[in-house]
Amino acid sequence: MMEYTARQIADILNGDLEGDPEIKIKGFSKIEEGKEGTISFIANPKYFKYIHSTKASVVLVSRDFKTENGINTTLIRVNDAYQAFAKLLALQNNNKLNTTGVSSKATIKENAKAGKNVLIDDYVYIGKHAVIGDNVKILPHSYIGDNVTIGQDTILHPGIKIYNNCTIGQNCVIHAGVVIGSDGFGFAPQTNNNYQKIPQIGNVIIEDNVEIGANTCIDRATIGSTIIRKGVKLDNLIQIAHNCEIGENTVIAAQVGIAGSTKIGKECMIGGQSGFVGHLEIADRVKIAAQSGISSSIKKPGQVVQGAPAFEFNRYQKAYVCFRKLPDLYDKLNELEHEIKKIKKETD
Amino acid sequence: MMEYTARQIADILNGDLEGDPEIKIKGFSKIEEGKEGTISFIANPKYFKYIHSTKASVVLVSRDFKTENGINTTLIRVNDAYQAFAKLLALQNNNKLNTTGVSSKATIKENAKAGKNVLIDDYVYIGKHAVIGDNVKILPHSYIGDNVTIGQDTILHPGIKIYNNCTIGQNCVIHAGVVIGSDGFGFAPQTNNNYQKIPQIGNVIIEDNVEIGANTCIDRATIGSTIIRKGVKLDNLIQIAHNCEIGENTVIAAQVGIAGSTKIGKECMIGGQSGFVGHLEIADRVKIAAQSGISSSIKKPGQVVQGAPAFEFNRYQKAYVCFRKLPDLYDKLNELEHEIKKIKKETD
Amino acid sequence: MMEYTARQIADILNGDLEGDPEIKIKGFSKIEEGKEGTISFIANPKYFKYIHSTKASVVLVSRDFKTENGINTTLIRVNDAYQAFAKLLALQNNNKLNTTGVSSKATIKENAKAGKNVLIDDYVYIGKHAVIGDNVKILPHSYIGDNVTIGQDTILHPGIKIYNNCTIGQNCVIHAGVVIGSDGFGFAPQTNNNYQKIPQIGNVIIEDNVEIGANTCIDRATIGSTIIRKGVKLDNLIQIAHNCEIGENTVIAAQVGIAGSTKIGKECMIGGQSGFVGHLEIADRVKIAAQSGISSSIKKPGQVVQGAPAFEFNRYQKAYVCFRKLPDLYDKLNELEHEIKKIKKETD
């Protein structure tokens, strides 16, 4: 990171400075591990307490952040501390991939096409008739099947496997070990108790600006397409089955599993390790607590649910409080039963 | 797809035609997205409603499918609409891998043997003394360890890792990113709170006609073998630990985890994200609802369970209905307590 | 395995022999599948019953193992039967990787360094300025990013992906398909409902003696490091998010998910498929039952919890027993209500 003064950073972020405008910043830190010469931020209230003890020289906070006596660090007030910090990180990101070129150790099959400024690194395999857009970066060991298209500015990290006939949009980031286009899990039971495989002749379509976490799997459709709409963010180790559709800007945390043909709306937020049975429809802006089990469609936009099977969040929370007290409830019930017997005897 | 008439398709499937025998079909569609010139099917009752609105020219239905007025599409009645559709898909599957040959960019170590008509694609590594059967297809980036044997007609999709000494049967399909034969998770606690690794000197045996989904992991046995019996179907991202055995024709959905030495019977159906503790025995034809936790053996063949820990399915369903009403139950209990106090006062 | 007599094995293990000292052993077996000429062990009480039926010629048992009449096998009594068996397995492990050398089919970028006796196998990619310690073994298809360091005696199984700037300690074992250093899942919501990616400029640090199971994912920190402390054992398909820290000698079973910035103490034991929300602190020696959901910090060292959300283990067990009986409880409550009404009528 180049060196900046607090004043320069405040200017970049349109922030208001409280403290020493000349203090110098040459790195980033987490608030609880702040060091002199670094800038940090506080957005989550869990971390407010560190404002007094942090050794970070500058801390980004929101405009309405309440300060009391005894803050030794310089503050820069901004509209959204997390976003502002992200902006600084992006300015300084030295983790970017700047190399381009097509390795002589890569395989490019006949009739495949690559655009300008691409990186196709060692041991990459690109199948027949594949189309690789401008500025695409494909890191080592990735497999791009026949007829796959990859939109411009997309990054494929190492060891990704994209089966034949799938399409990936522009400006996507796909992490190591991701599998796109594996066969859907479809088998027709036979009379002798074994199964006949249902051919999976569809594909997967990933739209623009999608990020897909490491080792996540997205199966191809039986017929038609499994579709990940633009702006979707998928974390690691997620399972998306054949013929699913995930709506625009929906965010899905790690290890979620979605069974076949389920359609999820726009701007949903889905907690880690949740599971969905197949053939459901989930409305827009639905929020699903971690580890929930969704066994029926959710029609109301914006609904918040929890549980397995899931129901309305607040009702779940109340029911679970009662669950924790169930042994007491049992004791009380037995006591009341005893009381009633006594009363009956007395009133006989 | 070649073009067929409805009559030709009815003949192929031994079906009964209702409607226009001359209508032409040149593709497949899902019932809810049916287009003119395509054939679709209805098997799941959830989709019955689409029979009136679909634009598919022909729809496969079961022989007892009830029709009312206003169906504009041609029907073909068959014994099993899903199987019949699968048969058509298989006839038309243009997704098949037809290439063969051994790439000059593959590694084949000394004393490895390959049968007739194999595909060993770029960047494949085949270890010493490995035996690859006739018609086997190994796509790019797969690793086949020393002494591994792979039965004829098996397909290995890209990026599969099979450790030394494992065996794979005939006619299997293994998807991208699968790991077979990684060490079992065995460590003996030491007096200083750390662990000594238990060597895992066994292997994995996959029998014939097994399908394994993307990024699934099957650990080798400590001693002896982890065994996947013939006809088993495993979905994506499943964990099967050391010394497990999965019985014939059992079907396991995505993200299930099975701990060490657990044995599962034949023809079981195991819902997604379920987990099993180690050293259990599960009888044949057991059905386990998604997200269940199996903490003790299930001895009764055909039992259906749910919950974590799991118990009998219908009892679980009833208990969960009560769980949802727990806050009301609490209120009622408090009310009764109050009533009893009043009565006691009055009868004093 | 070379051939040993029971007496020789007893000497190696400092064990006490009961039975035939001259009986010959040339292999290992599981107690329930014991064969003549093999040695087995019993540690788990579930397997005590096999002592009468096993055909293993020698069985390792603990010093206080109770024997009755009718045991036909030779026993060797030791302090810890599982550890003793592990010791024998290690002596005989023929699964070891003995090859060394740098393949001409590997890529080693400029300024990368490798120590003595390394194995860098076919299709391995080693980035710029990477440092590979003595005796390290890197199997085919692994990707080692720029500036990565790998400590001596560490084994990387096939197809591992380690992103730039991460460090791996000495004597680690990392299994196939593991991803280390993928981007943390960080996105700042924007006013138009889509998300801005937060650059992830930190790294991952894996300390010494760590084992990581197949297809597990460990994300890089946003800033700073995601840290896996020495002696940690991770099973397959685990998700560890950005900025987490896992304390020394903690053992985590398969398919666990840990959200961002959560810190787990030393010597914890975490059951399979458990999940943790972000920003928690878990004390040392905490035990977490399988499939639990941890939604708040656990401050008491050694606490044992279960449930989702999790609470104290014994209370959970009791509450769950009541949960199973909930339908009966409902019936009883309704009955009591009826009784009270009757009493009220009578006393009116």
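The values are calculated or read from the model by the stated rules, or taken from the named source; none is laboratory data. Predicted, not measured: the structure shown is a model, and the values here were computed from it. All Cβ positions, even for glycine, are placed from backbone atoms using ideal geometry, and neighbour counts span all protein chains on display.
Values computed for the structure shown
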| read-out | value |
| --- | --- |
| Search result, residues across the range A:36-63 that are acidic (Asp, Glu) and either assigned to a helix (DSSP H, G or I) or on the phi > 0 side of the Ramachandran plot (or both) | none |
| Given (1) assigned to a loop (DSSP other than H, G, I, E, B); (2) within 13 Å of another protein chain (Cβ to nearest Cβ), index of the condition A:Asn72 fails | (2) |
| Odd one out for B:Ile270, checked against (1) farther than 30 Å from C:Gln92 by Cα; (2) of a type in the set (Val, Ile, Thr); (3) touching a Gly at 6+ places or on another chain (Cβ under 7 Å); (4) more than 11 Å from every other protein chain (Cβ to nearest Cβ) | (3) |
| Condition broken by C:Thr107, with the remaining ones in (1) β-branched (Val, Ile, Thr); (2) out of contact with any Pro (no Cβ under 9 Å at 6 or more places or on another chain); (3) within 14 Å of chain B (Cβ to nearest Cβ) satisfied | (2) |
| Strands (runs of 3 or more DSSP E) lying entirely in the range B:157-269 (those with 3 or more residues that are at pLDDT 95 or above) | B:179-182, B:203-206, B:217-219, B:225-228 |
| Hits in the range A:107-149 (condition: crowded, with 22+ Cβ neighbours inside 10 Å and under 14 Å from B:Asp122 (Cα atoms)) | A:Tyr123, A:Val124, A:Tyr125, A:Ile126, A:Gly127, A:Pro140, A:His141, A:Ser142, A:Tyr143, A:Ile144, A:Gly145 |
| Condition met for A:Val124 (in contact with a Pro (Cβ under 8 Å, 6 or more places away or on another chain) and at pLDDT 95 or above) | yes |
| Test: A:Gly159 is more than 21 Å from C:Tyr123 (Cβ to Cβ), facing chain B (nearest Cβ under 10 Å) and crowded, with 24+ Cβ neighbours inside 10 Å | no |
| Boolean, C:Tyr316 is farther than 30 Å from C:Ile206 by Cβ, facing another protein chain (nearest Cβ under 9 Å) and surrounded by fewer than 20 Cβ atoms within 10 Å (Cβ to Cβ) | no |
| Total residues in the range C:278-337, condition in contact with a helix residue (DSSP H, G or I) (Cβ under 7 Å, 6 or more places away or on another chain), among the hydrophobic types (A, V, I, L, M, F, W, C) and free of Cβ contacts under 8 Å to residues at least 24 places away in the same chain | 10 |
| Verdict on B:Thr74 being β-branched (Val, Ile, Thr), in contact with a Lys or Arg (Cβ under 9 Å, 6 or more places away or on another chain) and surrounded by 20 or more Cβ atoms within 10 Å (Cβ to Cβ) | no |
| Any hit, the range B:202-215, residues being touching a helix residue (DSSP H, G or I) at 6+ places or on another chain (Cβ under 7 Å) and assigned by TED's automatic domain parsing to the domain that holds B:Lys300 | no |
| Any chance C:Lys287 is within 14 Å of chain B (Cβ to nearest Cβ), basic (Lys, Arg) and touching a strand residue (DSSP E or B) at 6+ places or on another chain (Cβ under 6 Å) | yes |
| Options C:Tyr4, C:Tyr50; residue that is within 14 Å of chain B (Cβ to nearest Cβ) and either surrounded by 14 or more Cβ atoms within 10 Å (Cβ to Cβ) or in contact with a Leu (Cβ under 8 Å, 6 or more places away or on another chain) (or both) | C:Tyr50 |
| Qualifying residue in the range B:293-310 (condition: of a type in the set (Gly, Ala, Ser), buried (at least 21 other Cβ atoms within 10 Å of the Cβ) and more than 9 Å from every other protein chain (Cβ to nearest Cβ)) | yes |
| For A:Lys66: the one exception among (1) in a loop (DSSP other than H, G, I, E, B); (2) touching a residue at least 12 places away in the same chain (Cβ under 8 Å); (3) of a type outside the set (Ser, Thr, Tyr) | (2) |
| Some residue of the range C:16-34 being polar (S, T, N, Q) and either farther than 30 Å from C:Ile120 by Cα or at pLDDT 95 or above (or both) | yes |
| One residue from B:Phe323, B:Phe311 being among the aromatic types (Phe, Trp, Tyr) and part of a helix (DSSP H, G or I) | B:Phe323 |
| Criterion violated by B:Lys230 - all others in (1) surrounded by fewer than 23 Cβ atoms within 10 Å (Cβ to Cβ); (2) within 22 Å of the chain's Cα centre (by Cα); (3) of a type in the set (Lys, Arg); (4) more than 14 Å from chain A (Cβ to nearest Cβ) satisfied | (4) |
| Enumeration of residues in the range B:162-181 that are away from chain A (no Cβ under 14 Å) and in contact with a Cys (Cβ under 6 Å, 6 or more places away or on another chain) | B:Ile180, B:Gly181 |
| Selected residue [over 30 Å from B:Asp20 (Cα atoms), among the small types (Gly, Ala, Ser) and more than 14 Å from chain C (Cβ to nearest Cβ)] from B:Ala114, B:Ala81 | B:Ala114 |
| For A:Asn192: the one exception among (1) surrounded by fewer than 21 Cβ atoms within 10 Å (Cβ to Cβ); (2) at the interface with another protein chain (Cβ under 8 Å from one of its Cβ atoms) | (2) |
